[in-house]
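The values are calculated or read from the model by the stated rules, or taken from the named source; none is laboratory data. The model shown is predicted, which means the values in this text are computed figures rather than measured ones. Cβ coordinates were reconstructed from backbone atoms using ideal geometry, including for glycine residues, and neighbour counts include every protein chain displayed. Ligands, DNA and RNA are stripped out before the accessible areas are found, and what is left, the full protein with its side chains, is counted by its heavy atoms. Shrake-Rupley method; radii C 1.70, N 1.55, O 1.52, S 1.80 Å.
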Amino acid sequence: MAVATRSPATPLVSLVILSHNKVAHTRRCFEGLVRSSYRPFEILALDNGSTDATPALYAEFAPRAEAAGIAFRPTRLEQNAGAVTGRNLALQQVRGHYIVFLDNDVVPRTRSWLERLRAALEADPRVGIVGPKLIYPFPPHLIQFAGGAVTPTGWVHFLGRGEPREAPAFNQPREVQCLISACWMMPRRLYDELGPLDEGFNPLQFEDIDYCYRARHAGYRVLYLPTVEMYHCENVTSGDTPTINYRYVTIKNGLRFKKRWRAMFEKENGPSDAEFHWADIPKRDISELGELEMVD
């Protein structure tokens, strides 16, 4: 496990980004990172067995990142090891005082997103994980995820899904039961304390919910921060990968999560199953999206 150096005035942030094909999405993600205002940060970019132009994109982006003051540290696996294993491999290389999980289909809308997430962690040492408001990358930019809630029977709610981006109910910071790892930040000390993601959830699904519960069980808070907004093209990396039986993996890993944490979520007064509603949001191809606005 890598050892972080003493924190400077502006600490290094390590971004862990996995790619498995979907090179057009990765390119948009990288472009958004270059336009982000925080420095210094490093990108631990792991190519998880891509068969498209992802390796060429990594080679092309390296000098661009260096010119922008970003440490770009790519790794390539010849075969897809799964998202959980891939992230754990990248985590072994992080040098920052803060760690960010970022899906390659996420693009910042808030230019100062790293500053704001870091500030939320530093404002309260009890906060172990903080995540933004995820919005759809096409007008009217409805909310995709405003924090997660878990019912007493273990169903996971995406709070705010399908609601207007400006909806007051989802524009206040609040403690939540869980976040998804499409985008979140945590201090390095949390990773040092909890260790890696549970590879029993490979290739993906529920490893992030499980990690939130591990953090909360250890006494940390999980925080939703709506002043940071990120565009997210839902399920691009996972749901559109033909080698993954997405429904089977979701059910299998959901049962693993429920068995492990039932004694906790049963007593948390989460929303009822009757309140569970998954808004049906039509998918859009990346070629239809156009330019994505970034704001300060």
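For the reader, a short list of remarks on this structure follows.
- Taking the numbered list (1) under 20 Å from Phe101 (Cβ atoms); (2) touching a Phe, Trp or Tyr at 6+ places or on another chain (Cβ under 8 Å); (3) not in a loop (DSSP other than H, G, I, E, B) in turn, Gly200 passes all entries but (2).
- Single match in Leu223, Leu190 (criterion: of a type in the set (A, V, I, L, M), in a helix (DSSP H, G or I) and either open to solvent by less than 10 Å² (accessible area, probe 1.4 Å) or in contact with a strand residue (DSSP E or B) (Cβ under 7 Å, 6 or more places away or on another chain) (or both)): Leu190
- Filtered by the rule that a residue be under 20 Å from Leu114 (Cα atoms) and assigned to a helix (DSSP H, G or I), segment 52-89 gives Arg64, Ala65, Glu66, Ala67, Arg87.
- Any pair with Cβ under 6 angstrom, 6 or more apart, that starts in segment 108-130 at a residue that is open to solvent by less than 20 Å² (accessible area, probe 1.4 Å) and ends at one that is among the small types (Gly, Ala, Ser) and in a helix (DSSP H, G or I): Pro108/Gly32; Gly128/Ala215; Ile129/Ala215; Val130/Ala120
- Filtered residues of segment 51-88 (kept if under 19 Å from Phe101 (Cα atoms) and in contact with a Gly (Cβ under 6 Å, 6 or more places away or on another chain)): Leu77, Asn80
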